[in-house]
Each structure stands twice: as C-alpha cells, then as structure tokens.
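Step one of this worksheet: look at the structure below.
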Amino acid sequence: MERTEVAIVGAGPAGLLLAHLLQAEGVDTVVLEARSREYVEHRVRAGVCEHTTVALLRGLGLADRLDREGLVHGGLTLRFDRADHRIDLAALTGKSITVYGQQEIVKDLIAARLATGQDIEFEAADVRLHELTTDAPTVTWTDAHGGARELRADAVAGCDGFHGVCRAAIPASALTCYDHVYPYAWLGVLAQAPPSHEELIYPWHPRGFALHSMRSPELTRLYLQVNPDERLDDWSDARIWDELATRLATDDGFTLRQGPLLEKGITPMRSFVTETMRHGRLFLAGDAAHIVPPTGAKGMNLAVADVRRLGPALVALLRKNDSRPAEAYTERCLSRVWRAEHFSYFMTTMLHRFPDADPFVDQLQLSQLRYTTRSTAAATSLAENYVGLPFDWP
Ligand code: APR
Ligand code: PHB
C-alpha cells in the first residue's frame, strides 16, 4: 500500500492550491484527478479573482503569469435603461479584482507542482474512500494504465467538485444539504474579438440578462441568460451575436465587437450548500461542498478561501496534534460561504428576467438597480462583496 499524509481528490483550483499550501509547510500529498491534464487545463470557467485570491497566489510565488497577463479592474458597469451606471470598486473599497481565466490558474498550479518534481495522478478512475472515521483513511482507484492502486493517508481532502465522489462518502444522516435551482441557465461563449468595453458589463434587459467579460486584449467572454432546457444546436453564431447586441444596446451607440466563436456551452444555475464540510478525516472544499450561481463570480474564490483555511487546519492536526482548527473548519468556512451565497443570489435575482416575467418584479429589480447605483451605501455594499470580504470575515 502506498503512503502519503494528505490524499487530495480533484485537481481543480481547490485541490491544486491545497497541494501547494501543504507543500509549503512540508506536508506530503498525492493528488488524484479523474480527467486528463489536457481536459482540466482547457475547461473554460469563470475568470474573476478577488484581491485576497491574488494575494494568496502571490504569497506562494504562484502569480507570475497572473501578474503579467491578468487584467486589473477598478470598477464594473451595471447597464439598465439603455445607459451605463458604473460601480467604482476601487474608490468605494480601496480594492480591485483581477480578470484571469480559472483554467489559466489551473495551468499555472499544475506546471508549478510538476516543476518541483511532484506528481499528479491524472485519469484516476473509480476513486473510492474507506475508513474515513479512523486515523488511517485509505483511497483506492484504478490508474491511467489500468492498475489497481491503494493509498493510506492521514487525511483526505475532497476537492472533486459538485459531481465528485467525496461528498457522497459522507453518510446522508450526517449531512444537511440546501439546494436551490434557478429557472434559467447561461449560454457562455469565448470570442476571438477584442473586448468592447474596458470593464465587465452586467445589463438588465427585458429579454434577459447578458454579461460582457473578457480574457485578454484579444478575447471576449460573453454570456446570455437562456432557458435551462435550451439546446446549443438552436443557437447559431449569428443568433448569439444578435441577442447579445440587443441585450447590451445603449442609447449612446455602444458597439459590440464580434469575431469567431472559439467555445460555446450551456451551464445550469444553482445554489447548493453542504453542512457539514468534514466527516472524520475527510474534509470537503470548493464545489464539492457548495455551488453558487456565477453572477457574483464567487465560485473559485470560495474554493480558494476554503483551502486557505483547510491547509493550516491539516498542518495543526497532523503536525501539532491540535484538532481544534479541524473541528472549527465547517463553521468558519460556512460563514463566508453563506455570505457569498446571498450575494450571488442577490446579483442573480436582481439581473435575470424570469421566463413568465412579472411586471411587478421587473419594477422591483429596476428600483434595486437604481438604488444600488445612486446610493453610496448600496453601491459600497455591492462593491465590498464583489471585490471579496477580508479573509477573516467575520
Ligand atoms: N475522482 C477524481 N477527481 C474527480 C472526481 C473523482 N471521482 N470527480 C471529479 N473530479 C475532478 C474534476 O474532474 C475536477 O477537475 O475534481 C475536480 C474539481 O474541480 P472543480 O470542479 O474546478 O472544483 P473546485 O476545485 O472546487 O473549484 C471551484 O470551479 O466549478 C468551478 O465555479 C466553480 O469556479 C469554481 C471552481
Ligand atoms: C467570466 O469572465 O467568465 C465571468 C465574469 C464575471 C462573472 C461570471 C463569469 O460574474
């Protein structure tokens, strides 16, 4: 049987960053990932890093490319009544966000781990967890060459996303799950076209939400609110551009720059929280424990905040025989998770138009948007949640 200190299931941002945090403390890890390296490096996801996320990566020496290529934004635009209403994040909070694709972070974290001679077990199939309530949990899997493998660890980190196996290894009687499914989805595209605006645009439009984001000076990332049962085949490139142009139109002649679409996908939207995030020696982090709708751009940042807490908790448990941070892990994480859940729900329900739109709800949404952009208190509330609350909040 192989041996390590922490078995990490999942090589997304949560699992990879945890591996680096533990490595910095001299803790030995094995990372198991169901997919190939190629697949995880090219999976297009969100792209907004809170300032605490950037600071953590920088502190670990993992932000060289992010610092070179990331786009620092001191504001964002809420677009409604066919006009722009800017939220000056920097003036309101003293902080900014950095636009840098999640898969670029994944690439950087994989390269940095491999560069130190550490491995990642890609294409690990049939991962199973055993003996989680003992001091010696084990993980079994079938490796990329078909070999049966068995690993003994002191703890297991379940960083395997919403559809992973780790959360399911916790007995149902020990779990409370909160689930909320929204009546819409996002159709996301990556366009080979320079951004049409220097910052992100979040519009409210009678035909539904759209989002103008970006990845680089040459690449625009755009989203459209669609029905959850929408088929990608029904969305030709021309239809996507038409709909984006309609929802993003202003009275002062905004033009949407177009280009070839490099990637298209539809993502359903849900909010989900698992309570507990720990069962014996298994600790959940990131999407394995909670999901937010993407409107607040909180998903990856929450995953980062979880492992930032989990790393020191594991070091205390394994190196100092101090189980208090491990015992407090769920409670400390969930306080931030629920704040992000509320903020994401707030942004989502303020900006999306329901399929059977109620004119009363439309007016409530527009009133909230006007209040958010005209009251410094309301704008500050949006801004401080958007840039990210301090790591130790509350
Ligand atoms: N065994 C091993 N790996 C698995 C298994 C399994 N049974 N199931 C899933 N995985 C892998 C997935 O292939 C994925 O690479 O776990 C990884 C989980 O990574 P993410 O889904 O990126 O989740 P996380 O690291 O928590 O990052 C959260 O990702 O989904 C976005 O919006 C979310 O931005 C947020 C971020
Ligand atoms: C993105 O760039 O993919 C993005 C940006 C902001 C969001 C969601 C996604 O709120």
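Taking all protein chains in place and a 1.4 Å probe, what share, in percent, of the accessible surface of the chain do carbon and sulfur account for?
49 percent
Using only Cα atoms, locate the centre of region 250-317 and the centre of region 90-164, then give the distance between them in Å, rounded to an integer.
When both Cα centres are located, 15 Å separates them.
So, for the chain, what is the accessible surface per residue at a probe of 1.4 Å, expressed in square angstrom?
So the chain comes to 42 Å² accessible per residue, rounded to a whole number.
In nm, give the distance between the simple-model label positions of H130 and A111, each being 7 Å from the Cα along the Cα-to-Cβ direction.
Distance between label points: 3.9 nm.
Work out how much length A90 to R45 would gain on full extension: take 0.36 nm times their residue separation and subtract the Cα-Cα distance, in nm to one decimal.
Gain in length upon complete extension: 13.7 nm.
Near P195, within a Cβ-to-Cβ distance under 10 Å, what is the net charge of the other residues, with Lys and Arg +1 and Asp and Glu -1?
So the environment of P195 carries a net charge of 0.
Between F360 and H163, what FRET efficiency follows from the Cβ-Cβ distance if R0 is 45 Å, with the result rounded to 0.05?
0.75
Could you work out Rg/(2.2 N^0.38 Å) for region 88-175, with Rg from alpha carbons only?
Dividing the Cα radius of gyration by 2.2 N^0.38 Å gives 1.52.
Heads up, I need the accessible area for S173: 1.4 angstrom probe, whole protein in place, Å², nearest 10.
120 Å²
What list of ³J(HN,Hα) values in whole Hz, one per residue of region 219-230 in order, does the Karplus curve 6.51 cos²θ - 1.76 cosθ + 1.60 (θ = phi - 60°) give from phi, with Gly and Pro shown as x?
Once rounded to whole Hz, the list reads 10, 9, 10, 10, 9, 10, 5, 9, 6, x, 9, 5.
In the full protein assembly as shown, how much of R339 is accessible to a 1.4 Å probe, in Å² to the nearest 10?
Ignoring ligands and nucleic acids, R339 comes out at about 60 Å².
C49: accessible area at probe 1.4 Å, nearest 10 Å²?
Answer for C49: close to 0 Å² accessible.
For the chain, find the longest principal axis of its Cα atoms and tell me its angle to the long axis of helix 359-374, 0 to 90°, nearest 10.
With both axes taken from Cα atoms, the answer is about 80 degrees.
Given 0.36 nm per residue, what is the gain on full extension from L60 to R37 after removing their alpha carbon distance, in nm?
That pair, L60 and R37, stretches by 6.1 nm at full extension.
Using the Karplus curve 6.51 cos²θ - 1.76 cosθ + 1.60 with θ = phi - 60°, work out ³J(HN,Hα) for each residue of region 314-331 in order, rounded to whole Hz, and write x for Gly and Pro.
6, 4, 4, 5, 8, 9, 10, 6, 10, 8, 5, x, 5, 5, 8, 4, 4, 4
On a full-extension model of 0.36 nm per residue, what is the gain between Q368 and E2, subtracting their alpha-carbon distance, rounded to one decimal in nm?
Answer, rounded to one decimal: 126.1 nm.
Just the number, please: Stokes-Einstein D of the chain in µm²/s, Kirkwood Rh from C-alpha pairs, 4 °C, 1.567 mPa s.
Here the translational diffusion coefficient equals 59 µm²/s.
If each of K264 and R231 carries a label point 7 Å out from its Cα toward its Cβ, how far apart are those two points in nm?
1.3 nm
The values are calculated or read from the model by the stated rules, or taken from the named source; none is laboratory data. Model, not experiment: these values are computed from the prediction. Glycine also receives a Cβ, built like all others from the backbone with ideal geometry; neighbour counts cover every protein chain displayed. Calculation scope for accessible area: heavy atoms of the full protein, side chains included, ligands and nucleic acids excluded. Shrake-Rupley method; radii C 1.70, N 1.55, O 1.52, S 1.80 Å.
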